[in-house]
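Here's the structure we're looking at; comments come further down.
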Amino acid sequence: MLDKIQMQMLTEVADLHGVPEGAYNIRVNGEKAARNTTANIDIATKTDGKSGIDIRIKAGTKNESVHIPVVLSESGIKETVYNDFFVGEDCDVVIVAGCGIHNCGSQDSQHDGVHRFFVGKNSRVRYVEKHYGEGDGRGKRVLNPVTEVYQEAGSYVDMEMVQIKGVDSTRRVTRAELAENATMVVHERLMTHADQSAESVYEVALNGSGSSTDVISRSVARDSSRQVFEAAIIGNAACSGHAECDAIIMDQAHVAAVPKLDARNVDAALIHEAAIGKIAGDQLIKLMSLGLTEAEAEEQIIGGFLR
Amino acid sequence: MLELKNVTYTVTEDKGSKNIIDHLDLVIPDGKFVVITGPNGGGKSTLAKIIMGINPVSDGQLLFDDRDITAANITQRAQMGISFAFQQPVHFKGIKVIDLLRLATGVNLSVGKACEYLSLVGLCAKEYIQREVNASLSGGELKRIEIATVLARGTKFSIFDEPEAGIDIWSFQNLIQVFENIRKTVQGTVLIISHQERILNIADEIVVIENGRVAKQGPRDELLPELLGTASAVNAGCSRLTPEKGAVKC
Ligand SMILES: Nc1ncnc2c1ncn2[C@@H]1O[C@H](COP(=O)(O)OP(=O)(O)O)[C@@H](O)[C@H]1O
Ligand SMILES: [Mg+2]
């Protein structure tokens, strides 16, 4: 049974208010807390000695979901978990991951999730991953996710990565390889406070003709936090790639955006856009002229920006 | 009543300093519909921003209902009942039209009520209510949403800076009706900066601002005939070309 804190972490990272429908695997403090499989979705503990699970989704599975939230509520846990998703052809599924760390102790808590996705022909996958941290201990909350995506022809992957609160240090690495007519869309939303640091590295290889990607990051850096956004798009075929980094910088924060476009085919069309700046003065003025205080106006602008 | 006493707004440039608003005196009585006109660059928008508290005065005093508001900030003036529709509407990433109307009214406005405000400015409400207030909207659409936020606030003193700018002539017909009915909608004092004869026509009073000063002020019937012969109202002739019908309604 999950306790109250663990339940609340689940709500934060996976919008779960109880046991989810469909397939799920809930991992709490390094142990399997609950699992459910369905006729089409199998979840099995890895047998190769590594910690983690294999998720196998049968070809043709539509409108099903898999939840694999992770909760750390004991201080001082450090784990690296390997989860592999094998998505058959012609599927249409939603995968919800996410990690919540509640650290009241003095030792660091760290979860490094290595997720690999093998997405079959013409399948659609929506992947949502939320990070959340809380607890007033001195121990740091650390998350270093690695995501690898291998997309077969005609597949479509939509990833939503959210980290708004409470994670002290994170380094996210996402690598993808796309075959013909495959598409990957990434929406990342990030906010850092205090002396937190967050790095996001994307490397998308557009290998098949007609493949495309759109990597969009919106972030807010407050206090003396640091963010680095690196997006590399490699065009190996007739393809189109677009990366966009839009950051609001506040206080004494530091934000760096490092674009890399690498075209190896004359029909590769690659675009990178990056904008870093403070909250626009006219936005604050407009909302203040509606009766909001400066702080309220700021909150609305940031809330909208990260929506 | 709004009173500006000897108000000056100075900017420093390479060549020295310049009074954009230059020792200006102006009284706007309660419940009046006042139109400010005058040549481009005369200082009209600057004056509106001074009233809203966006531009701090370099010298002089502002009184609102006999209260000295010279030191009051934008928020305080907004809360006292001053509203301002910008000449150039602001874009917001992620903030929707309904959010902006809710912030304007300060309540969790129902979708139905929000739609009413949008319909007032001639927008087909259902298509717009969930749209983001960003560059995906046209200039005319943003402008009408901007006007709607001020109508929605319904405060006792509303300022509109060139509401006609960027709005096509068909929608303009609707907009004129909005301003003709505005005394019922907002029940307060209305200050409009405009070059349009149709708007000057519905004014109680007209103020001409030139070189940061009040060049002329008086009742419409006295000032309008005189203005129509001058450069201040060059645009006015255009309004005669607008079709009488044809305003698109949803
Ligand atoms: N902050 C500023 N710095 C320098 N010049 C300014 C500033 N604000 C306004 N001005 C100038 O003041 C004049 C009046 O501007 P504005 O009030 O916008 O005129 P209007 O609205 O009557 O067309 C213009 O010449 C404009 O360029
Ligand atoms: Mg102006």
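Only the coordinates and a few stated rules stand behind these numbers; no lab work does. Only a predicted model underlies this, so the values are computations on that prediction, with no experimental measurement involved. Neighbour counts run over all protein chains shown; Cβ positions are idealised from the backbone, glycine included.
In debye, nearest 20, what is the charge dipole magnitude of the protein assembly as shown about its Cα centre with +1 on Lys and Arg Cβ and -1 on Asp and Glu Cβ, if you could check?
Working: 58 positive and 74 negative charges, 120 e Å.
Using only the charged Cβ atoms, the result is roughly 580 debye.
Measure up A:Lys32/B:Lys93; A:Lys121/B:Lys126; B:Lys184/B:Lys216; B:Lys96/B:Lys184 against 30 Å on the Cα-Cα distance and list the ones that go over.
Numbers: A:Lys32/B:Lys93 41 Å; A:Lys121/B:Lys126 38 Å; B:Lys184/B:Lys216 28 Å; B:Lys96/B:Lys184 27 Å.
From the list (A:Lys32/B:Lys93; A:Lys121/B:Lys126; B:Lys184/B:Lys216; B:Lys96/B:Lys184), the Cα-Cα distance tops 30 Å for A:Lys32/B:Lys93; A:Lys121/B:Lys126.
Counting pairs of alpha carbon atoms under 8 Å apart in space and at least six apart in sequence, what relative contact order in percent does region A:4-282 give?
Value for region A:4-282: 11 percent.
If you add up the charges near A:Gln252, with Lys and Arg at +1 and Asp and Glu at -1, over every other residue whose beta carbon is less than 11 angstrom from its beta carbon, what do you get?
Summing Lys/Arg as +1 and Asp/Glu as -1 gives -1.
Between B:Gly31, B:Leu2, B:Ala48, whose Cα lies farthest towards the positive end of the dipole of region B:1-80 when Lys and Arg beta carbons carry +1 and Asp and Glu beta carbons carry -1, centred on the Cα centre?
Looking along the dipole axis, the top candidate is B:Ala48.
Using 18 Å as the cut-off for backbone N distance, which residues of region A:135-155 belong to the label zone defined by a point 7 Å from the Cα of A:Asp3 along Cα→Cβ?
Residues passing the 18 Å test: A:135-139.
How big is the dipole moment of chain B about its Cα centre under a simple scheme where the beta carbon of each Lys and Arg is +1, that of each Asp and Glu is -1, and everything else is neutral? Debye, nearest 20, please.
760 debye
How would you order A:274-284, B:94-104 from highest to lowest mean count of nearby Cβ atoms within 10 Å?
Put in order of decreasing packing, that is B:94-104, A:274-284.
Please report the net charge: other residues with Cβ closer than 14 Å to the Cβ of A:Glu296, K and R +1, D and E -1.
So the environment of A:Glu296 carries a net charge of -2.
Roughly how crowded by other chains is peptide B:172-178, in terms of the mean Cβ count from those chains within 10 Å of each of its Cβ atoms?
0
Could you please report the charge total around B:His195, scoring K, R as +1 and D, E as -1 over all other residues with beta-carbon less than 13 angstrom from its beta-carbon?
Its environment carries a net charge of -2.
Rounded, prolate or oblate: which fits region A:4-282, taking a ≥ b ≥ c as square roots of the Cα gyration tensor eigenvalues, rounded meaning a/c under 1.5, else prolate when a/b beats b/c?
oblate
Calculate for the protein assembly as shown the 222 nm mean residue ellipticity that helices alone would give, adding -39,500 (n - 2.57) per DSSP H run of length 4 or more and normalising by residue count, nearest 500 deg cm²/dmol.
-5500 deg cm²/dmol
How large is the translational diffusion coefficient of the protein assembly as shown in µm² per second when you combine the Kirkwood radius over alpha carbon pairs with Stokes-Einstein at 37 °C and 0.692 mPa s?
122 µm²/s
When ranked by the protection proxy of mean other Cβ atoms within 10 Å per residue, highest first, what sequence do the peptides A:134-147, A:213-226 form?
A:213-226, A:134-147
Arrange A:Ser106, A:Ser65 by Cβ neighbour counts within 10 Å, fewest through most, would you?
The order, fewest Cβ neighbours first, is A:Ser106, A:Ser65.
When the C-alpha atoms of region A:122-176 are aligned to their principal axes, what extent does each axis show, in angstrom, from largest down?
48, 16, 10
Inside 10 Å of the C-beta atoms of B:67-79, what's the mean count of C-beta atoms belonging to other chains?
3
Using a 10 Å cut-off on Cβ to Cβ distances, tally the other chain neighbours for every residue of B:95-107 and report the average as a whole number.
Details: counts 9, 2, 0, 0, 4, 5, 1, 1, 8, 6, 2, 3, 0.
Across B:95-107, the average partner-chain Cβ count within 10 Å equals 3.
About the Cα centre of region A:6-145, how large is the charge dipole given +1 on each Lys and Arg Cβ and -1 on each Asp and Glu Cβ? Please answer in debye to the nearest 20. Display every interim value, and only then the final one.
Values: 17 positive and 19 negative charges, 44 e Å.
I would put it at about 220 debye.
Could you state, as a whole-number percent, how many of the C-alpha pairs of region A:43-189 are farther apart than 20 Å?
48 percent
Using +1 at the C-beta of Lys and Arg and -1 at the C-beta of Asp and Glu, which of B:Gly122, A:Ser209, B:Ile167 has the Cα lying farthest in the positive direction of the dipole of the protein assembly as shown?
About the Cα centre, the residue reaching furthest to the positive side is B:Gly122.
With contacts defined as alpha carbon pairs under 8 Å and 6 or more residues apart, what's the relative contact order of region B:2-249 in percent? Don't skip to the answer; put the middle values down first.
On the way: 477 pairs, mean separation 63.4, N = 248.
26 percent.
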